[in-house]
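A quick write-up on the structure given underneath.
Please treat every number below as a calculation from the coordinates, not as lab data. It should be emphasised that the depicted structure is a prediction, and the values quoted were computed from it without experimental measurement. Quick reminder, even Gly has a Cβ in these numbers, built from the backbone with ideal geometry, and neighbours come from all protein chains shown.
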Amino acid sequence: MVPAKPLASAKRMENLRRNWYKFSRNRMSILGLFTVLLVTFLAVFAPLVAPHPEHASAFVDFANASRPPSLEYPFGTDVIGRDILSRIFFGFRFSLGMGVIVLSLVVPPGVVLGLVAGYNQGTWLDTVIMRITDIFLAVPSLVLALAICSVLTPNLFNAMLAVSLMWWPWYARLVYGLASTLRNEFFVASAETIGASKFHILFREILPNCISPIFTKMSLDMGWVIIIGSALSFVGLGVQPPRPGLGTMVSDGSRYLPEQWWISIFPSLAIVLVVLGFNLLGDGLRDMFAAEEA
Amino acid sequence: MSVGPLLDIKDLYVHFHVFGGTLKVLDGVNFTVYSGEKVGLVGETGCGKTTTMKAVLRVLPMPPARIPGGEIYFKGRDILKMGAEELGRVRGEGISMVFQDPTAALNPVFTIGQQLGAVVRYSLAGGKRISRKEIHQRAVVALKEVALPDAERLLKNYPFQLSGGMRQRVCIAMAVAGSRELIVADEPGTSLDVSIQDQILRLLRRLVEEKNTSVILITHTLGVVREIADRVYVMYAGKMVEVATTEELFSRPLHPYTLGLMKAVPKLTGGGIADGIPGRIPDYLDPPGGCRFHPRCDRAMGVCRREKPWFYRVSDDHEVACFLYREGGKGK
Amino acid sequence: MSFITFLVRRAIHSIFVVLGLSIVIFIISRIMPGDPARMAVGARAPEWVVDNLREQMHLTEPLHIQYYYWLRDALRGDFGISLVTRRPVADDIKEFFPATMELALLAGLINGAGGIILGTISAWHKDKWVDNVVRVISYLGVVTPSFIFAILFLLLFGMTLEWMPTMGRLSPSLPRPSIITGLITVDSLLAGDFAAFFDALWHLILPAVALGLGGMAQEARITRSTMSDNLTKDYIAAERSLGIPESVIMRSFLLKPSLIPTVSILGLDFAATLGNAFLVELIFNWPGISRYGINAMLRKDLNAISAVILILGVVFIVVNIMVDIIVARLDPRIQLRAGGSE
């Protein structure tokens with residue numbers, strides 16, 4: 001299990017440097033980090049970097065519609081004449097934004113509930129919280145997200161809401177497992193004896209020891225959230241046209257297979273690229289944290 | 001002894017290739033066991049005792065581990081060069097090992113019966129196929145030999161259902177099942193209560209005497225070795241530093257390390273307690289040149305820093321790897 | 001604790017979860033804006049028809065009474081009328097469910113068996129080229145969403161190479177075997193109709209592989225890493241040193257403990273499969289419950305949505321129980337330790 005560590009900040013600096021060294025030894029992790037940074041850069045600076053930024057919103061140019069990849073339109077254009085490459089850059093905004101927002105919504109409550117349940121293991125509080133998470137986990141995640149989306153107006157905000165609603169139990173579960181083991185450790189007992197407040201025990205003693213698995217999971221989850229987000233958009237419940245959500249673009253283009261294959265394929269590859277980046281990054285983080293404990 | 005040695009390790013080197021470099025763990029190990037002998041192997045944790053024995057049985061994880069040099073002769077044949085079939089026979093009928101941690105040495109998802117049965121089937125029977133009934137019977141006999149009660153029920157149990165002492169006995173049963181010529185006992189009973197450890201050692205001793213098997217008893221406890229062994233090797237940092245008959249070693253310890261051991265608290269850990277030897281075991285990534293003990297030795301000389309000492313004969317049953325005892329050396 | 005007790009406990013736990021799920025579904029469906037009675041009969045029906053229907057649907061009663069009626073009906077198999085198809089939802093489900101099950105089961109098989117086999121081979125030949133190839137493919141399999149595989153396969157094998165058909169479950173020329181299970185492959189085997197069997201299988205392959213590839217990759221990775229971890233364990237070294245042949249160790253003493261984490265994941269992977277089936281069915285125009293469900297969701301067909309989610313939830317829970325049983329068989333510590341003889 002994760003060993004308890006005191007966290008004086010000088011030691012933290014040294015830990016950081018040591019961790020970076022370990023992380024950087026693995027080429028795949030560096031590749032992941034690079035990919036994530038690249039995508040983030042493209043997303044943030046899309047209006048400046050994209051060759052045809054105006055194509056990302058309502059724009060029509062039938063003269064150049066359905067052009068295969070060329071110098072001017074490296075990924076081709078879609079049926080309304082919009083440059084796929086530029087739209088992909090803007091699409092990254094939706095993907096990353098969704099990931100960030102969902103995780104911000106999901107991690108704090110999930111972690112807190114997991115801490116509370118884990119610390120109070122065996123009591124009714126634990127049972128209630130865990131049963132609720134069981135219910136949410138009983139339905140295949142995508143199904144639940146789709147269902148919640150469907151009862152609300154289909155748009156990006158509601159999609160994020162739906163994904164958040166079905167995502168938090170995973171963090172509660174993760175932290176519950178960690179917390180319920182950690183609470184039997186010596187340092188918790190000593191904190192209790194000196195009369196530390198529950199708040200202090202939960203957040204200053206137990207939580208710091210859960211940080212590594214939580215971070216690893218968050219990094220991997222970015223990939224999953226992006227996948228689910230694109231799946232929802234694909235079905236029509238997420239990013240609505242004409243906005244350039246990656247899943248939406250794949251869906252739009254699926255009608256024109258196989259002749260105008262580029263309309264679907266390039267956004268698909270873009271999705272794979274982003275998810276690959278986050279997965280490599282997450283794996284690298286996990287290896288880095290694991291090596292620490294070895 | 002007029003007959004050749006049963007086990008003869010000659011100049012064995014074992015290196016581990018890890019992230020930061022190469023761990024040069026075994027640095028030319030020489031070790032001999034004769035038929036019917038009980039040999040003790042003493043040294044502190046981390047000195048390479050288990051690594052040596054695992055190398056003999058060829059169960060070292062070979063990607064990180066490499067054997068850059070040396071030979072291991074068992075009844076005249078080099079184990080390191082054996083093919084799979086011959087090696088299987090050596091493992092099945094020749095040498096067996098009782099691992100240090102009985103909990104880790106038993107497969108958690110198979111019953112005792114299944115594991116013991118497999119050992120019986122593949123080692124006792126040799127190439128022959130024996131019936132399930134006979135396997136079962138022999139398994140029961142094996143358990144009875146190690147004084148485990150209610151053998152029938154035990155065979156159906158899983159390792160986690162047994163106590164530590166029982167698990168250790170099961171491991172011993174697996175090791176002695178069938179006629180083995182050499183048993184390696186790696187710190188038997190160390191993870192258990194002292195009283196249980198005592199029982200285990202006595203059991204081992206009885207078995208060995210009944211079957212006239214040779215034994216290599218690995219331990220970091222001098223007292224154990226004194227009770228049981230005929231001859232004792234003292235090991236330090238990947239090399240044997242002294243070997244003598246038990247009586248001779250305890251009455252006349254010669255190597256500075258052995259002297260330190262005798263003076264220290266009976267059980268050793270890496271840094272020693274109270275009367276321990278100052279310093280720590282060397283870093284295998286960058287071990288000291290020359291004699292590996294010289295940084296901690298209070299009688300180190302110039303040559304100790306530059307050259308590696310051989311085994312120098314002090315008498316018929318006593319050899320020391322220390323320049324002090326070289327011909328004309330100061331120790332004599 | 002005996003096996004029966006273990007099973008009973010799990011079953012009771014699951015029943016509670018299903019009940020909880022049904023409550024959540026019910027509450028969500030009632031929160032929805034819109035009048036179910038009005039939606040059922042359409043905008044042009046006269047007011048008294050709507051009022052009558054409202055009474056009939058118990059919409060005027062307090063919420064928990066409504067829930068009681070809803071649950072009672074559901075248990076009897078009556079999920080109400082679908083807004084879209086205008087017939088009992090139960091009938092819709094009976095028609096479309098087997099298609100999805102057939103797809104999901106084949107995908108699950110590819111998932112589980114394929115993943116374990118690949119992972120095992122990879123671990124046995126660790127760090128050699130076989131291993132590296134499998135690792136790269138598995139990685140790509142994990143990061144690529146199912147629907148993208150579906151599109152790629154459709155494009156490549158269905159449209160460009162034209163190896164496999166792209167629509168439907170059976171070629172139009174072949175008559176469908178009589179419905180026993182609803183799974184065309186099984187039914188055709190039972191009827192001895194091998195032409196239909198192979199044809200149905202051929203239609204199934206592309207969507208099933210697209211669906212199962214991600215899970216298979218996941219399983220392969222876990223199997224491989226567990227196996228290579230276990231290879232360094234003491235008990236394997238002990239078994240070797242005692243003379244047990246390498247082949248026996250690989251095939252049984254190493255395999256069994258290594259399967260445990262993989263099989264534990266199978267339940268979750270099946271959940272992902274069920275979820276991804278929605279998209280794959282859309283892409284391949286597969287006449288399954290997922291496509292039906294998506295349409296229901298897009299058209300806000302409440303009865304259908306509730307029914308679909310409930311059914312999927314139940315299926316998932318049943319699969320989970322089965323997976324737990326298998327894991328308990330593999331790992332004796334779970335069953336016997338919980339309340340038992342230690």
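Observations, loosely collected:
- Estimated Rh, chain C: Kirkwood, alpha-carbon pairs, angstrom: 23.0 Å
- The angle between the Cα long axis of helix B:132-145 and the main principal axis of chain B comes to about 50°, on a 0 to 90 degree scale.
- Pairwise FRET efficiency - residue A:273 versus residue C:125, Cβ, R0 = 30 Å, nearest 0.05: 0.50
- Using alpha-carbon coordinates, inclination of helix C:302-330 to the longest axis of chain C, degrees: 20 degrees
- P(r) tail for region C:95-230: Cα pairs beyond 22 Å make up 46% of the total.
- Gyration tensor (alpha-carbon) shape descriptor, region B:18-92, a/c threshold 1.5: oblate
- Inter-site label distance for residue A:190 and residue C:189 at 7 Å from Cα along Cβ, in nm: 6.2 nm
- Segment residue B:77..residue B:150, full-extension length gain: 22.2 nm, with 0.36 nm per residue of separation and the alpha-carbon distance subtracted.
- With both residues required to sit in the protein assembly as shown, DSSP beta bridges show an antiparallel share near 65%.
- Long-range HN-HN contacts of residue B:255 with modeled amide H, under 5 Å: none
- Compared with the dominant Cα axis of chain C, that is its longest principal axis, helix C:47-56 is turned about 50°.
- Converting phi to 3J(HN,Hα) with the Karplus coefficients 6.51, -1.76 and 1.60 and the offset θ = phi - 60°, region C:186-195 yields 5, 4, 5, 5, 4, 8, x, 8, 6, 4 Hz in sequence order, with x at every glycine or proline.
- When the Cα atoms of chain B are aligned to their principal axes, the ranges along those axes come out at 66, 47, 42 Å in descending order.
- As a proxy for reagent exposure, A:264, C:264 were ordered by neighbouring Cβ count within 10 angstrom, fewest first; the result is C:264, A:264.
- Chain A: most fluctuating residue of A:196, A:159, A:117 per GNM, C-alpha cutoff 10 Å: A:196
- Here the spin labels are modelled as points 7 Å beyond Cα on the Cα-Cβ line, and at residue B:227 and residue A:132 they lie 6.0 nm apart.
- Gyration tensor (alpha-carbon) shape descriptor, region A:68-167, a/c threshold 1.5: prolate
- For the residue pairs B:24/B:75; B:54/B:239; B:38/B:211; B:75/B:211; A:217/C:233; A:22/B:54, the C-alpha atoms sit more than 22 angstrom apart in B:24/B:75; A:217/C:233; A:22/B:54.
- Candidates B:262, B:9, B:325 compared by Cα position along the dipole of region B:7-331: farthest toward the positive end lies B:9, with charges placed on Cβ.
- Under a Gaussian network description of chain A, with springs only between Cα atoms under 10 Å, the residue in A:184, A:19, A:64 that fluctuates furthest is A:184.
- Mean partner shielding of peptide C:135-144, defined as the number of other chain Cβ atoms within 10 Å of each residue Cβ, is 3.
- Note on chain C: GNM, Cα springs under 10 Å; of C:214, C:293, C:168, the largest mean-square fluctuation is that of C:168.
- Separation in nanometres of the label points that stand 7 Å from Cα toward Cβ, at residue C:61 and residue A:62: 5.8 nm
- Reciprocal of mean inverse Cα separation for chain A (Kirkwood radius, Å): 21.0 Å
- In the protein assembly as shown, the DSSP-assigned H stretches of four residues or longer account for a calculated mean residue ellipticity at 222 nm of -18500 deg cm²/dmol, using -39500 (n - 2.57) per stretch and the full residue count as denominator.
- Projection of the Cα convex hull of region B:74-223, averaged over all directions and equal to a quarter of that hull's surface, yields 9.4 nm².
- Summed over all non-identical Cα pairs, the Kirkwood treatment of the protein assembly as shown gives a radius of 32.8 Å.
- Near residue B:29, the amide H atoms lying under 5 Å from its own belong to B:11, B:12, B:13; only residues 5 or more places off or on other chains count, and H is placed 1.01 Å from N.
- Shape category assigned to region B:191-263 from the gyration tensor of Cα positions, a/c cut at 1.5: prolate
- Residue exposure sequence - A:14, B:44 - by fewest surrounding Cβ within 10 Å: A:14, B:44
- Packing-based exposure ordering (other Cβ within 10 Å, fewest first) of B:304, B:291: B:304, B:291
- Nonlocal amide H pairs with residue B:97, under 5 Å, H built at 1.01 Å: B:184
- Percent of C-alpha pairs per 5 Å bin, region B:101-169, short to long: 3, 18, 29, 25, 16, 7, 2
- Taking 1.002 mPa s as the viscosity and 20 °C as the temperature, the Stokes-Einstein diffusion coefficient of region A:138-288 based on its alpha-carbon Kirkwood radius rounds to 120 µm²/s.
- Along its first, second and third principal axes, ordered by size, region C:269-334 spans 49, 25, 14 Å in Cα coordinates.
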